[in-house]
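All remarks here apply to the structure that follows.
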Amino acid sequence: SGSFPSLFPPGLHGIYGECRRLYPDQPNPLQVTAILKYWLGGPDPLDYVSMYRNLGNPALNVPEHWHYVSFGLSDLYGDNRVHEFTGTDGPSGFGFELTFRLKRETGESAPPTWPAELMQGLARYVFQSENTFCSGDHVSWHSPLDNSESRIQHMLLTEDPQMQPVQTPFGVVTFLQIVGVCTEELHAAQQWNGQGILELLRTVPVAGGPWLITDMRRGETIFEIDPHLQERVDKGIETDGSNLSGVSAKCAWDDLSRPPEDDEDSRSICIGTQPRRLSGKDTEQIRETLRRGLEINSKPVLPPINAQRQNGLNHDRAPSRKDSLESESSAAIIPHELIRTRQLESVHLKFNQESGALIPLCLRGRLLHGRHFTYKSITGDTAITFVSTGVEGAFATEEHPYAAHGPWLQILLTEEFVERMLEDLEDLNSPEEFKLPKEYSWPEKKLKVSILPDAVFDNPLH
């Protein structure tokens, strides 16, 4: 029939085929539809979300669950109404659709529809930022996925265990499954990497099991269920290094190589002084880059931005021995020609206890693996980036290990010095014995680190 193609856009057809392969007995699943289509100005980028009943696999310890599949992140139509048509060979649209597996509650006869709303929210983020997702990515959502009281408040992404990539006339579509996780699991994924945590979740039936099925009623993290798993994470960080390349924190730095009464001093925020203003444009650029990328303490609606995604300072993609600051646009935060790099003789770093506790992770999980780590001040424009010798695009060098661009300080640490600092900072790992303020000093390196009470940072002008 002549009307067939318009009813059944070819891109949609390809994904339906894969659904029919898995669910031959459910040709007409319940579907949530975007009322006003995105290409007509509606708020919801996904045309449809289909919901299937999956009987699981008792032999493999896979419980019965609802399986949700999105339609619209890939190119369904091929006529440029939403996605640019780029041919058959590459990805279709963004190259993926989202799926989600939700444990079926006893007595539930129909799938809850809130996951469709969650998927629309994620899709909106992808469309607005043009950041695609990859398996192993994590999403900080900071609120229960179903708006209940659940501990499941964040997401990891993984390949769907059943759905195979589909070739459509408009390119290839893969299926990325959302996995709901607790805050502690998200943090572990941030500090180590997403794939490592997904592996652990697969081994704990109640936390996802082999198919990573989300149970919104799960009350315990995998670390509470099996305390040994924390050791696995710590070992993983030591072996592989950490994927976390920056956090928002309470921190500040002073240039000790200049007399503090020097008014022309362009030091960054020093407790008790007003930070020297950058021009509005620079400030906006710094803020924007850091706001997009660093978000441990703020409440973003969305995930950290990855290295290859052009913006933000957050997670590395493929960690290579030769790390580059250019790969995440931190090097572009401040245009080089606008601000002279200042070499500093001697610096004093200040952290609150929470960010101080991350210093060992920064040294062991990042610098010893040839990577970099940035602390971005929550209260001002200040940023402190630690770099190791191998990092490209850094303005700190072995000859001048302390260098600043306006309020952004870089500190280059050699491997020997990192090992020594790790020994000297040993007690940062046992917060219970900790009395603030606390000071560490390496006089011959002209470096001082203080761990100070939060209040010092909350009012920079006091």
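Quick note: the coordinates plus some simple rules give every number you see, no bench work behind them. Computed from a prediction, not measured in an experiment: that's the story for all the values here. In this analysis, Cβ positions are derived from the backbone assuming ideal geometry, glycine residues included, and neighbour counts consider all displayed protein chains.
Points to keep in mind about this one:
- In nm, spacing of pseudo-spin labels at Leu60 and His228 (7 Å Cα→C-beta vector): 2.4
- Relative to the current alpha-carbon distance between Trp442 and Thr389, full extension at 0.36 nm per residue lengthens the span by 17.2 nm.
- Inter-probe distance in nm under a simple model that places probes 7 Å from Cα toward Cβ, at Gln195 and Thr397: 3.6
- The stretch between Trp39 and Phe434 holds 136.5 nm of extra length on full extension. This uses 0.36 nm per residue minus the Cα-Cα distance.
- With Cα atoms as the point set, the radius of gyration and Dmax of the range 10-240 evaluate to 17.6, 53 Å.
- Pairs of lysine residues in the range 350-462 - Cα separation under 20 Å, sequence separation of 8 or more or cross-chain: 10
- The trypsin sites (Lys or Arg not before Pro) of the range 1-82 that DSSP puts in a loop, and whose beta carbon has at most 16 other beta carbons within 10 Å, are Lys37, Arg81.
- Scanning residues 5 or more positions from Ala383 or on other chains, those with amide H under 5 Å from its amide H are Ser377, Trp408, Leu409, with H placed 1.01 Å from N in the peptide plane.
- Note, ³J(HN,Hα) from phi for the range 380-386, Karplus 6.51, -1.76, 1.60, rounded to Hz, x at Gly and Pro: x, 8, 4, 9, 10, 10, 8
- Once the Cβ-Cβ distance of Thr106 and Asn147 is raised to the sixth power relative to R0 = 30 Å, the FRET efficiency obtained is 0.90.
- Annotation for the range 370-417: GluC sites (Glu not before Pro) lying in DSSP loop with at most 12 further Cβ atoms inside 10 Å of their Cβ are Glu398, Glu399.
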